[in-house]
Each structure stands twice: as structure tokens, then as C-alpha cells.
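Presented below is the structure to which this report refers.
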Amino acid sequence: MTTCSGPPPSLAAVLKTARRQVPLAPLTSWGIGGPAEYLLAPRTAAEAADLLAAAREAGWPVFFLGRGSNVLIADAGLPGITLHLTTFCQEIEFGDGSATVGAGVYLPRLAGVLAQQGWAGYEFLIGIPGTVGAAVRLNAGTGPGQEMADRVVSVTVLTDDLQVRTLAAAELGFGYRASLLLEQPRWLILAATLRLALREAPAAILARQRAIIRTRRAKFPAEKLTCGSVFKNPPGGPSAGWLIDQCGCKGWAVGDAQVSTKHANFLINRGRATAAQMQALMNAVQEKVWQEHGIALAREVVCLPG
Ligand SMILES: Cc1cc2nc3c(=O)[nH]c(=O)nc-3n(C[C@H](O)[C@H](O)[C@H](O)COP(=O)(O)OP(=O)(O)OC[C@H]3O[C@@H](n4cnc5c(N)ncnc54)[C@H](O)[C@@H]3O)c2cc1C
């Protein structure tokens, strides 16, 4: 891995509590990736801002990692600083017809809290194993009307120049697995304000969540080491999974990276897959779909360092 040269004094101070050369594979749902040169887990926006200020001043790269359920981390790992955001900004604050939710909140936890409070419409989050910050960035969801964009009022971010800005949903350019936040990889998402409009008995909401979990278990591969859907569905066309299946790619493998035999848009780590193998498999699938259907599949999974 290319590492950063010794940190200047201002950065050395904030790196005192950092862990060095931390394997990232266990922090991702694919179980793939080399170490973080330095790993820190800020809990508050202020802590993150201090870290980012020192890192920017020193010219060090900073990467953000949530639950690692949508990333492929390179075998060489990540140079500089990785901010692990699973304990970051955990607050859920209820307002008038809305809730402001910290970026590090786990989506299934949010779904549970809202259900317990009798707020319906967030059941779809029960099956998405990521954080709120990453979910608004990519407009995560499970289908039309069941995407973050359908619920977001505004998103608060720490910009590149470390200003706190709150952007209304209309400013965020949401689309299918897309938002303008994807074009700002140096912005740290701090929180999202979500609309609460539908009241229902908690028992009914929780029953729907259980039904969603059952449906997903039946539909998706049982293997633990997956990243969910790897490719976006092409606009207006058949799904990425259907296209890959039609090309006969189910079961294709490069080393321990394999196209699931159950759901063709899921690529599985059978145990010891490397990022290079997973990348090679993604490339092979994209090439085959291009040859057979003339469709360029776009990746939903984010490759780090990029
Ligand atoms: C079994 C399984 C099922 C899934 N099902 C679905 C589904 O139905 N629908 C769906 O949309 N997705 C699904 N996913 C994908 C994934 O869970 C979502 O994309 C989720 O939103 C990713 O969250 P994360 O915290 O794991 O992000 P990570 O994988 O940790 O990060 C993803 C990207 O977001 C960036 N990021 C993370 N936090 C922040 C932050 N606070 N500020 C700025 N950038 C940040 C990272 O740098 C990275 O670029 C599934 C994944 C799995 C493993």
C-alpha cells in the first residue's frame, strides 16, 4: 500500500487515538479488502470536523466507511485516514412531522424505532444493512416509492471546506441510485431529515417488516458475504439480474468470487476472494452483457480508493 509520510504535528495529535494498519475486510459485508493505514471512529460531527481539518491541512486522504455493505476495498487497502462511521451521529430526533436522523444510524434500527413509534412508510429499510448517510448518498431503496428520495426533506453535510450546509431534497438531484452527493466524495453526510406522515399501529408495521424479511430471504442468496445488488438496473429496461442471467453468467467464478446461482446480480465471496478477483468478475459480467445485449451495466457498488 502507498502510505502517507509521517504526519505533521497538528495531525499527529488527532491520530493519537487512531488504530494503525487495521484490516478492513471484517468491516465490509463482502469480507474483502486490505488494511486502513489509520482508522478512527468519530462519534460526533465536531470530532469529525477536527479530524478532517487536520487531515486536509496535511494533505492526507480521508475515506468514509459506514457498514461496508456497498463497497469493494482494494487488496492494498486505504492510505491515509479511514473514518469508520458505525458509531457516528447516532441521534434520532423527532420534530413536527419529521425526524432528523444521524448519518451513522443503522437503517434496520431506524425502521424498528419508527415502527415502535407508529410511523409507517419506512418498512423497506428493514432489509437494507447500511447507514443513513450512505443510503441518502446513493438514494438506497427497494423499488418505486420505496427510496430514500421519497422520504427525505433535507440532508445536512460537512462540505469540503468544512462548512455545515443543509440542502433541501429538491437541491439533491435524486434519481434511481443517484444523487448530487455522489459527485462530492469529500463531503461528509451528517444527518438527514425525513418526513413522517403515515400513522399506523406498531404491530401492523412490524408485521409488514417481518413479511419483507421473509420475502427477501426467499429471493436473495443465503450466503453471508455479499454486497447486495452489484449493478444498477438499466433505465427503462429489464433488470440487471435478468440480463446477467440471460447471458448465462450464473455460477461464473474468478477464484473465490462467484456470480450467485440464485440471483445473478449478487456476486458472492465464497471465502477467500480478493478485490482483484471480484473486480475481474465484475468486468467479465459487464463485458458479456455488453456483447450480448449492447447494454453497459453501471456499478452500484463503490470501489475504494477509486
Ligand atoms: C444483503 C444486502 C442487501 C442489500 N439490499 C439493498 C437494497 O435493497 N437496496 C439498496 O439500495 N441497497 C441495498 N444494499 C446495499 C447497501 O446496504 C446500501 O447501499 C447502503 O446504503 C450502504 O450503506 P453502508 O453504511 O454500508 O455504506 P458503505 O458501504 O460503508 O459506503 C458506501 C459509500 O458511501 C460512502 N459513505 C458512507 N457513509 C458516508 C457519510 N456519512 N458521508 C459520506 N459518504 C459516506 C462511502 O465512502 C462509500 O463510498 C444491500 C447490501 C447487502 C449486503
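Looking only at region 281-306, residues that are away from the ligand (no atom under 16 Å from the Cβ) and open to solvent by 40 Å² or more (accessible area, probe 1.4 Å) come to 11 in all. In the set (1) open to solvent by 20 Å² or more (accessible area, probe 1.4 Å); (2) not assigned by TED's automatic domain parsing to the domain that holds Arg151, Ser260 fails one condition alone, (1). There is no residue in region 109-120 that is in contact (Cβ under 8 Å) with a residue 12 or more places away in the chain and within 9 Å of the ligand (Cβ to nearest atom).
Annotation: Val105 fulfils all but one of (1) closer than 16 Å to Glu200 by Cβ; (2) of a type outside the set (Phe, Trp, Tyr); (3) free of Cβ contacts under 8 Å to residues at least 40 places away in the same chain; (4) open to solvent by less than 10 Å² (accessible area, probe 1.4 Å); the unmet one is (1). Candidates Arg208, Arg195, Arg199: the one that is more than 12 Å from the ligand (Cβ to nearest atom), in contact with a helix residue (DSSP H, G or I) (Cβ under 7 Å, 6 or more places away or on another chain), at pLDDT 95 or above and of a type outside the set (A, V, I, L, M, F, W, C) is Arg208. Applying the set (1) under 18 Å from Cys4 (Cβ atoms); (2) open to solvent by 10 Å² or more (accessible area, probe 1.4 Å) to Val71 leaves exactly one unmet item: (1).
Taking (1) in a strand (DSSP E or B); (2) surrounded by fewer than 17 Cβ atoms within 10 Å (Cβ to Cβ) in turn, Gly143 satisfies each apart from (1). Among the candidates Ser154, Ser179, the residue that is hydroxyl-bearing (Ser, Thr, Tyr), more than 30 Å from Thr261 (Cβ to Cβ) and in contact with an Asp or Glu (Cβ under 9 Å, 6 or more places away or on another chain) is uniquely Ser154. In region 50-79, the residues that are on the phi > 0 side of the Ramachandran plot and of a type outside the set (Phe, Trp, Tyr) reach residues that are modelled with pLDDT under 95 and surrounded by fewer than 22 Cβ atoms within 10 Å (Cβ to Cβ) with C-beta atoms within less than 8 angstrom, at least six apart or across chains, in these pairs: Gly77/Met1. The residue that is farthest from Val62 (Cα to Cα), counting only those in region 263-280 that are away from the ligand (no atom under 16 Å from the Cβ), small (Gly, Ala, Ser) and out of contact with any strand residue (DSSP E or B) (no Cβ under 8 Å at 6 or more places or on another chain), is Gly271. Tallying residues that are assigned to a loop (DSSP other than H, G, I, E, B) and closer than 17 Å to Ala134 by Cβ within region 147-162 yields 1. Of the residues making up region 146-155, those that are open to solvent by 10 Å² or more (accessible area, probe 1.4 Å) and under 16 Å from the mean Cα position of the chain (by Cα) number 2.
Consider Leu188 carefully, then state whether it is closer than 30 Å to Ala49 by Cβ and surrounded by 14 or more Cβ atoms within 10 Å (Cβ to Cβ). So Leu188 passes the test.
I want to confirm something. Restricting to region 235-247 and keeping residues that are at pLDDT 95 or above and either within 16 Å of the ligand (Cβ to nearest atom) or open to solvent by 90 Å² or more (accessible area, probe 1.4 Å) (or both), which single residue is farthest from Gln258 (Cα to Cα)? Of everything passing the filter in region 235-247, Ser239 is farthest from Gln258 (Cα to Cα). Inside region 180-192, residues that are within 8 Å of the ligand (Cβ to nearest atom) and aliphatic (A, V, I, L, M) make up a count of 4.
Asp96 meets the stated requirement of being open to solvent by 30 Å² or more (accessible area, probe 1.4 Å), within 17 Å of Val152 (Cα to Cα), among the charged types (D, E, K, R) and out of contact with any His (no Cβ under 8 Å at 6 or more places or on another chain).
The values are calculated or read from the model by the stated rules, or taken from the named source; none is laboratory data. A quick note: this is a predicted structure, and the numbers were derived from the prediction, not measured. Using ideal geometry, Cβ is built from the backbone for each residue, glycine included, and neighbour counts are taken over all protein chains shown. Ligands, DNA and RNA are excluded from the accessible area calculation, which covers all protein heavy atoms including side chains. Shrake-Rupley method; radii C 1.70, N 1.55, O 1.52, S 1.80 Å.
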